[in-house]
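Take a look at the structure set out below.
The values are calculated or read from the model by the stated rules, or taken from the named source; none is laboratory data. Keep in mind it's a predicted model, so treat the numbers as computed, not measured. When we count neighbours, we look across all protein chains shown, and the Cβ atoms used for this are built from the backbone with ideal geometry, even at glycine. Accessible surface is based on the protein model in full, side chains and every heavy atom, while ligands, DNA and RNA are left aside. Shrake-Rupley method; radii C 1.70, N 1.55, O 1.52, S 1.80 Å.
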Amino acid sequence: MSPRSWPTRTLRAGAVAAAALLTLTACGDGGGEGGDAASFPEDDISMIVPFSAGGPTDTVTRLIAEPMGEALEVQVLVENVEGAGGTVGGAEAAQADPDGYTVLMHHIGMSTAPTLYEDLAYDPQTDFKTVGLVTEVPMTIIARKDFEATDAKDLITYLKENADSVNLAHAGVGSASNLCGLLLQDALGVTFNEVPYDGTGPAMTELVGGQVDLMCDQTTNTSSQIKDGSVKAYAVTTPERVESLSDLPTAQESGLDLEVSVWHGLYVPAETPDDVVAKLTEALQAALKDQTVIDEMAKLGTAPVAEDQATPEAHSAKLKEQTELWAGILPAGG
Ligand code: ASP
């Protein structure tokens with residue numbers, strides 16, 4: 001194999017190893033191991049989405065990938081590594097080289113999976129460094145367009161009486177839609193038939209096609225289907241109504257004791273040098289100020305987080321607080 005045909009990852013690994021050796025002998029490692037922080041990035045960055053393409057996590061990732069790439073002067077390439085409620089992609093990212101070239105976009109599932117899985121392959125708090133929060137997205141309770149219930153109050157009555165025959169779609173144990181489905185079943189005191197997918201992109205396709213009945217998912221995946229009438233919407237899961245879907249009542253307004261929203265954040269393996277993380281954080285903050293990102297998120301019922309939330313510190317505090325919260329609410333081991 002000629003040097004020209006070597007995969008870029010191999011070339012970079014060699015360059016990184018040589019640079020790391022130099023750095024170690026010269027002046028320390030900048031807070032971690034395995035990267036050349038001063039020249040980072042010299043190559044494209046892979047951003048892992050732990051769910052299917054076309055779903056809400058994927059949508060948010062693709063929105064910020066381009067402006068982050070512009071800020072870093074490389075391409076940020078989105079890679080979907082779906083399965084097991086986002087834990088397959090989480091495990092792959094945890095084992096990646098800690099050089100900043102593999103970044104994980106994940107969501108609230110990083111705080112629920114440690115409770116829901118007995119044998120999670122990674123510890124979200126110790127196997128990763130946090131880069132910053134990205135956005136916090138409301139969820140919507142929706143059903144196939146010909147579902148029997150007409151409004152939220154009617155839905156509550158219908159679901160209580162017919163739970164056995166209701167098929168609830170979600171993105172696997174540990175996903176946000178799974179979490180919202182659990183909260184909904186708990187609030188109603190019922191059990192649905194659960195139908196897991198590798199992401200709510202494919203779940204939405206089946207809901208629109210009428211193969212499943214019900215789903216609770218981010219507005220970043222449901223807004224256009226709600227607006228064009230290809231699904232029926234009942235409520236949002238935030239304490240306040242969502243501006244772009246202002247006709248929809250909140251779950252609380254409808255008599256449903258349910259409140260949840262899906263926060264997203266970026267992670268890198270724990271040994272990634274701090275100065276590499278700092279460069280990624282800076283690029284994230286630049287992307288969140290991009291007018292296209294702001295406008296597109298608004299159309300999808302959400303907004304970038306404030307700059308002081310797009311930091312490793314705010315993100316790691318959120319992860320800790322949410323992990324403790326859900327550990328006290330969710331059933332251990334699923
Ligand atoms: N919305 C999904 C979830 O329930 C994941 C996705 O496809 O983005 O976690």
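Filtering the range 67-98 to residues that are of a type in the set (S, T, N, Q) and either assigned to a helix (DSSP H, G or I) or touching a His at 6+ places or on another chain (Cβ under 7 Å) (or both) leaves only Thr87. Selection of the range 139-153 for residues being part of a strand (DSSP E or B) and open to solvent by 10 Å² or more (accessible area, probe 1.4 Å) yields only Arg144. Summed over the range 64-89, residues that are farther than 24 Å from Val293 by Cβ and in contact with a Leu (Cβ under 9 Å, 6 or more places away or on another chain) total 2.
Here Ile64, Ile48 are screened, and the one residue that is part of a strand (DSSP E or B), away from the ligand (no atom under 11 Å from the Cβ) and open to solvent by less than 30 Å² (accessible area, probe 1.4 Å) is Ile48. Sub-6 Å Cβ pairs linking a first residue in the range 284-305 that is part of a loop (DSSP other than H, G, I, E, B) to a second residue that is open to solvent by 20 Å² or more (accessible area, probe 1.4 Å), at least 6 apart or interchain, are Gly301/Ser244, ordered by first then second residue.
Inside the range 23-45, residues that are modelled with pLDDT under 95 and either open to solvent by 50 Å² or more (accessible area, probe 1.4 Å) or charged (D, E, K, R) (or both) make up a count of 8.
The set of residues in the range 84-122 being open to solvent by less than 10 Å² (accessible area, probe 1.4 Å) and on the phi > 0 side of the Ramachandran plot consists of Gly85, Gly86, Gly100.
The set of residues in the range 95-128 being more than 18 Å from Gly333 (Cβ to Cβ) and within 12 Å of the ligand (Cβ to nearest atom) consists of Met105, His106, His107, Ile108. Of the residues making up the range 234-262, those that are more than 9 Å from Pro138 (Cα to Cα) and open to solvent by less than 60 Å² (accessible area, probe 1.4 Å) are Tyr234, Ala235, Ser244, Leu245, Leu248, Pro249, Thr250, Ala251, Ser254, Leu256, Leu258. Residues in the range 67-84 that are acidic (Asp, Glu) and more than 12 Å from the ligand (Cβ to nearest atom) were compared, and the one that is nearest to Ala113 (Cα to Cα) is Glu79. Among helices (runs of 4 or more DSSP H) entirely within the range 173-280, having at least 3 residues that are within 23 Å of Gly132 (Cα to Cα) singles out 176-188, 219-227.
Checked against (1) modelled with pLDDT of 95 or more; (2) within 15 Å of the ligand (Cβ to nearest atom); (3) touching a helix residue (DSSP H, G or I) at 6+ places or on another chain (Cβ under 8 Å), Ser230 passes all but a single condition, namely (2). When each of Leu159, Leu155, Leu188, Leu133 is tested for being more than 13 Å from the ligand (Cβ to nearest atom), closer than 23 Å to Arg62 by Cβ and either assigned by TED's automatic domain parsing to the domain that holds Pro239 or in contact with a Lys or Arg (Cβ under 9 Å, 6 or more places away or on another chain) (or both), the lone residue that passes is Leu133.
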